[in-house]
Amino acid sequence: MSSTSKKHQAFCSEPMKGKPVTAVPGIGKVTGSQLKAQGYSKATDVLGKYLTVNENRNQFQGWMENTTTANAGHQGAAYNAMREWSDNNL
C-alpha cells in the first residue's frame with residue numbers, strides 16, 4: 001500500500017500551472033478559502049511561498065498555521081507535496 005494519497009500522487013505527477021489552491025494535498029475547501037482570502041488562489045502561489053521560505057518545513061508549516069486553520073497533518077501534506085513536486089520539476 002502506498003504511503004501517499006491519490007491526491008498527492010496526482011498532484012506531484014502533473015504540471016502545476018493553472019491548478020487551484022485546493023489541488024494541493026492537505027488543502028481542502030475551508031483551508032482553500034482561507035488562503036484565497038490572503039491572496040493565494042493557485043497552487044503556484046503556495047509553491048512561491050514554499051520557495052520564499054527556502055523550502056524550510058518549520059517556516060512553511062508555521063505560515064500555514066498562522067494563515068489558516070489547517071491542522072499539522074494537513075500542513076505536513078501540503079509541505080510534502082511542495083517538496084516532492086519541486087524536487088521532481090525544478
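The values are calculated or read from the model by the stated rules, or taken from the named source; none is laboratory data. Quick caveat, the model's predicted, so the values are computed rather than measured. Positions of Cβ are backbone-derived with ideal geometry, glycine not excepted, and every protein chain shown enters the neighbour counts. Surface areas here come from the heavy atoms of the whole protein model, side chains and all, with no ligands, DNA or RNA. Shrake-Rupley method; radii C 1.70, N 1.55, O 1.52, S 1.80 Å.
In nm, to one decimal, how far is the ASP87 label point from the ALA37 one, both placed 7 Å along Cα→Cβ?
In this crude label model, ASP87 to ALA37 measures out at 3.4 nm.
Given H placed on each backbone N at 1.01 Å, which residues far from LYS42 in sequence or on other chains put an amide H within less than 5 Å of it?
VAL21
Suppose the chain between THR69 and THR4 were pulled fully straight at 0.36 nm per residue; how much longer would it get relative to their current alpha carbon spacing?
Length gained between THR69 and THR4: 21.2 nm.
If you take every residue apart from GLN59 with its C-beta less than 12 Å away from the C-beta of GLN59, what net charge results, scoring Lys and Arg +1 and Asp and Glu -1?
Once positives and negatives cancel, what remains is 0.
Per the 1.4 Å probe, what fraction of the accessible area of the range 10-55, in percent, lies on carbon and sulfur atoms?
Carbon plus sulfur share of accessible area: 52 percent.
In deg cm²/dmol, rounded to 500, what helix-only [θ] at 222 nm does the chain give when every DSSP H run of at least 4 residues adds -39500 (n - 2.57) and the total is split over its residues?
The per-residue figure over the chain is -19000 deg cm²/dmol.
Expressed as an acute angle from 0 to 90° and rounded to the nearest 10, what is the orientation of the C-alpha long axis of helix 72-89 relative to the principal long axis of the chain?
50 degrees
Divide, for the chain, the radius of gyration over alpha carbons by 2.2 N^0.38 Å, where N is the residue count.
That ratio works out to 0.96.
Taking only protein heavy atoms into account and a 1.4 Å probe, give the accessible area per residue of the chain in Å².
Per-residue value: 57 Å².
Could you tell me which GluC sites (Glu not before Pro) in the chain are loop residues by DSSP with no more than 10 other beta carbons within 10 angstrom of their beta carbon?
none
Gain in length, GLU14 to ASN58, computed as 0.36 nm per residue apart minus the alpha-carbon separation, to one decimal in nm?
In short, 13.3 nm is gained.
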